[in-house]
Amino acid sequence: MTSSMTRLLSRTLMATAAACVGCVPLSASAQFKKPEDAIHYRQSVLNVMGTHFARLAAVAKGDLPFDAAAVQADAAIVLMMSKLPFSAFGPGTESGGNTKAKPDIWSKRAVFDEAAQKMQAEVVKLDEAARTGDIAKLRPAVGDTGKSCKACHDDFRAR
Ligand code: ASC
């Protein structure tokens, strides 16, 4: 192979790898062998999202010092995680593991999807606010995001 062919091939591979970053949520939908695997996956993602969101909430409350870089990193993780859980609420994953998911998720799917999209939209704004480096912008975005978490939990998660 000539060196120009090698360069072209490596560029093509890099472009393919970059494009695949965006297909993670899609590919995730087909990869569960058992309902328990989907349940474990969505609980794990939501746990990581909640852990990093809780740090932002603590900063917003003044319980943790404002560190712009840490805030941006936490928000970026929340943003990525926010895209992942919903492909793991597929048909047949109502039960199996240790789930608190209510049957309404599957019987009122449009309402659940709307709540999910509301949270995802708030998280996009949260990430934008975090990237301003301005705690005055972070605070209301944390409040709005927290409300969207709570709304879905109130309706769709058993106590
Ligand atoms: C969190 C977390 C949630 C939300 C919710 C906001 O930190 O784990 O589920 O905030 O409690 O009301």
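The values are calculated or read from the model by the stated rules, or taken from the named source; none is laboratory data. Everything quoted here is computed from the prediction, not taken from an experiment. We place every Cβ from the backbone using ideal geometry, glycine too, and count neighbours over all the protein chains shown. For the accessible areas, the whole protein counts, side chains as well, though only heavy atoms, and no ligand, DNA or RNA atoms are used. Shrake-Rupley method; radii C 1.70, N 1.55, O 1.52, S 1.80 Å.
Would you tally the residues in the range 122-159 being without any contact (Cβ under 8 Å) to a residue 24 or more places away in the chain, farther than 19 Å from PHE86 by Cα and either among the aromatic types (Phe, Trp, Tyr) or open to solvent by 90 Å² or more (accessible area, probe 1.4 Å) (or both)?
Summing the residues that are without any contact (Cβ under 8 Å) to a residue 24 or more places away in the chain, farther than 19 Å from PHE86 by Cα and either among the aromatic types (Phe, Trp, Tyr) or open to solvent by 90 Å² or more (accessible area, probe 1.4 Å) (or both) in the range 122-159 gives 3.
Take the range 99-121 and flag every residue that is in contact (Cβ under 8 Å) with a residue 12 or more places away in the chain and more than 24 Å from VAL78 (Cβ to Cβ).
ASP104, TRP106
So, of the residues in the range 52-100 that are of a type in the set (Lys, Arg) and within 16 Å of the ligand (Cβ to nearest atom), which turns out to be surrounded by the most Cβ atoms within 10 Å (Cβ to Cβ)?
ARG55
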